[in-house]
Amino acid sequence: MQIELIEIRDHLSRFPPFDELPEEVLDEIARQVEVGYCKAGTQILTFNQEIHELHYVRSGAVDIFRRNGDLYNRLSEGDIFGHFGLLGRNRVRFPAKAIEDTLVYYIPGTLFDQLCEQHEHFADFVEAEGQSRLKAAVENGRASELMKIKVRKLISRLPVTVPLTTSVQEAARTMTEQSVSSLVVIDPHSQWPNPDRVPVAEPHHGVMVGIITDRDFRTRVLAEGLSGDTPVSAIMSPNPITVQGDDTVFEAMLSMLRNNIHHLPVVTRRRPIGLINLSDIIKYESQSSLYLVSAIYNKQSVEELKSLLPDVRATFVRMARDEASAHMIGSAMSGIGRSFTQRLLELAEDQLGPPPVPYAFMALGSMARDEQLVVTDQDNALVLDDRFNPAEHDDYFLQLATIVSDGLAACGYSYCKGGIMATNPKWRQPLSVWRGYFNDWIDRPKPEALLNSCIFFDLDAVYGESALVEELQELLAHRASSNEPFLAALARNALNRTPPLGFFRTFVMEKDGRHKNVINLKRRGTAPLTDLIRVHALACGSRAQNSFERLDAIAATKLMPPEALERLRYALEFLSLVRIRHQAVDIEDGMDPDNDVEPENIPAAERHNLKEAFQVLSNAQKFLRFRYPHLPVTRTL
């Protein structure tokens, strides 16, 4: 083969969809390629002209337009165009114009048809575009059985039920006779709420009002010295959290993990069809995140908790290897972080005694959004009951916050460099002061207030009186949505971090220091996406914290077109997955995981999808600027 053809073949082999073709096929393409030169400003393709060749950009840059003249895409080295015309009626659908001197490889249409027929990967690539490729990249993962199997598959028998008035002695006898560790408590006299709106499988059955477990008999009957005549209503856990029969086992596991419960009623059309517990899931996953959470609650000291750090990383790597979704991994890792925090608070209360006034320990940022990964620092705060008296009570809460903060740091959750921790007296305040903080940030959105808004507007209760935090969430949803100047200021802030794409869709990488020639996927990808989704969600009055759930809330208000929301969803999922896989590889290689990805070290197809995801982010930022038109244009690297 001539040296010129070898050069063409080698160049093609570096870019999708040619990168997965066999060498002999690449040789044949190289033999049939014709090379053309287009001077800057040349119209390469016009709308509806006949087309019989696939165009491949060897060097230079090409703009692709919609038929109405709007810019559709900007292509550079390794990109293709003209394929939609070849797939249709051999008529150009998207005009193309060289915007700088450009070298083009022309691949015959007959060869293009053969490649589509004989190579599925090639056909999938050229038939998809932009979001569709991202969607395929996100959905083509092979989820493990745990991710796919339905909860109903774990059910081995119908739940054993007892009426509300049953005595604890009779209930214990029933459990022994039936060989079960838990019972569903029903109220035969309760009416199904709104049965016309929500179908009930068998309305004549009683309404499930609670469950009781072996543990309840130990802690609520024997430990309290209750008599055997006590009704089960006095010791049951009322209004239990449930899971649908069609939910996946992984979703059930996340529910147990988030709520720290070991028994979960399974319902279909409101009717309990079974009860699964921790051991049912552990039969499937002996090293699951739920198993890890169980281990956390059994540890008796910070040193013992610290010993679980390798298990945390192993669980993260395993989920990444199993190709769990970013949503699942974020939820699981956040659940693990919450469990560490909760156990440290239990240990702190054991050491310090009961709190002098009620309080809630509040998670902020990624943990509150259920989007925490393995590289994270701690952002938290304390919301105290308004009976809080600093002179009498603050020493207790300072010690409590210090125990938790130091413990989290020992377990791998770095101290917050900005001091957003409950150890900081500014972030250890009664509810009335917190209300004042949030009102001030919303009414006077100065730079510091906006910085605080980005951190504190993702908040969730981890431990204690969750109602204190729910009041703040309610305040946010109500006040932020009705304050247009605040939303505009927050939108301006969300545009400060731009995607790392240059004018010709080339990556713009860090230039200095040890991070040279890398892209920080959190700072330049997931964080700006999260920021702009937060603005739209607040504008909708949503109380959702998770970015994917915020997208659902935005969709319900029709603030954005469904297609745009879907593009955002797949872009966030894809960027998160690349970040997750990068961190998992770092851990497996014995390195400290980070968010810095070197584009040259990832496969060509993934690099291509990365550009598409960044383009989605760029377009979403343009929409944000359009929605809040008084924003000044800002751009920082």
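Things to note:
- Under 5 Å, built H, 5+ apart or other chain: amide partners of Ile211: Val185, Ser237
- Cα pair distances in the stretch 255-373, grouped into 5 Å bins until the bin that holds the longest one, percent each: 2, 10, 18, 20, 20, 15, 9, 5, 2, 0
- By average C-beta atoms within 10 angstrom, highest first, the peptides 235-241, 569-575, 258-264: 569-575, 258-264, 235-241
- Rounded D (µm²/s) - the stretch 15-97, Kirkwood Rh over Cα pairs, Stokes-Einstein at 4 °C, 1.567 mPa s: 95
- Label zone at Gln2, where the point sits 7 Å out along the Cα-to-Cβ direction: the stretch 20-36 residues whose backbone N lies under 16 Å: 27-36
- The stretch 403-484 - percent of accessible surface contributed by carbon and sulfur, probe 1.4 Å: 52
- Label-point separation, Glu474 to Gln399 (7 Å along Cα→Cβ), nm: 3.4
- For the stretch 2-104, with all protein chains in place and a probe radius of 1.4 Å, 45% of the accessible heavy-atom surface sits on carbon or sulfur.
- Sulfur and carbon atoms: percent of accessible area, the stretch 249-369 [1.4 Å]: 47
- If you plug the beta carbon distance of Ser156 and Arg215 into 1/(1 + (r/R0)^6) with R0 = 25 Å, you get a FRET efficiency near 0.75.
- Length available on full extension from Asp187 to Ala223: 0.36 nm per residue minus the Cα-Cα distance, which gives 10.3 nm.
- Å² of accessible area per residue within the stretch 1-102, as computed with a 1.4 Å probe and no ligands counted: 51
- As a calculated quantity, the FRET efficiency between Glu28 and Ile261 at R0 = 56 Å, using C-beta atoms, amounts to about 0.40.
- Probe 1.4 Å, protein heavy atoms only - accessible area per residue of the stretch 380-480 in square angstrom: 42
- A simple rule links phi to the HN-Hα coupling: the Karplus curve 6.51 cos²θ - 1.76 cosθ + 1.60 with θ = phi - 60°, which for the stretch 241-255 gives 5, 10, 9, 7, x, 8, 5, 7, 4, 5, 5, 5, 4, 5, 5 Hz, with x for Gly and Pro.
- Extension gain, Gln118 to Asp350: 0.36 nm times the residue separation minus the Cα-Cα distance gives 76.7 nm.
- Pairwise centroid distance, computed over Cα atoms, of the stretch 204-246 with the stretch 423-469, Å: 37
The values are calculated or read from the model by the stated rules, or taken from the named source; none is laboratory data. Quick caveat, the model's predicted, so the values are computed rather than measured. Cβ: placed from backbone, ideal geometry, glycine included. Neighbour counts: every protein chain shown. All accessible areas refer to the heavy atoms of the entire protein, side chains included, with ligands and DNA or RNA removed. Shrake-Rupley method; radii C 1.70, N 1.55, O 1.52, S 1.80 Å.
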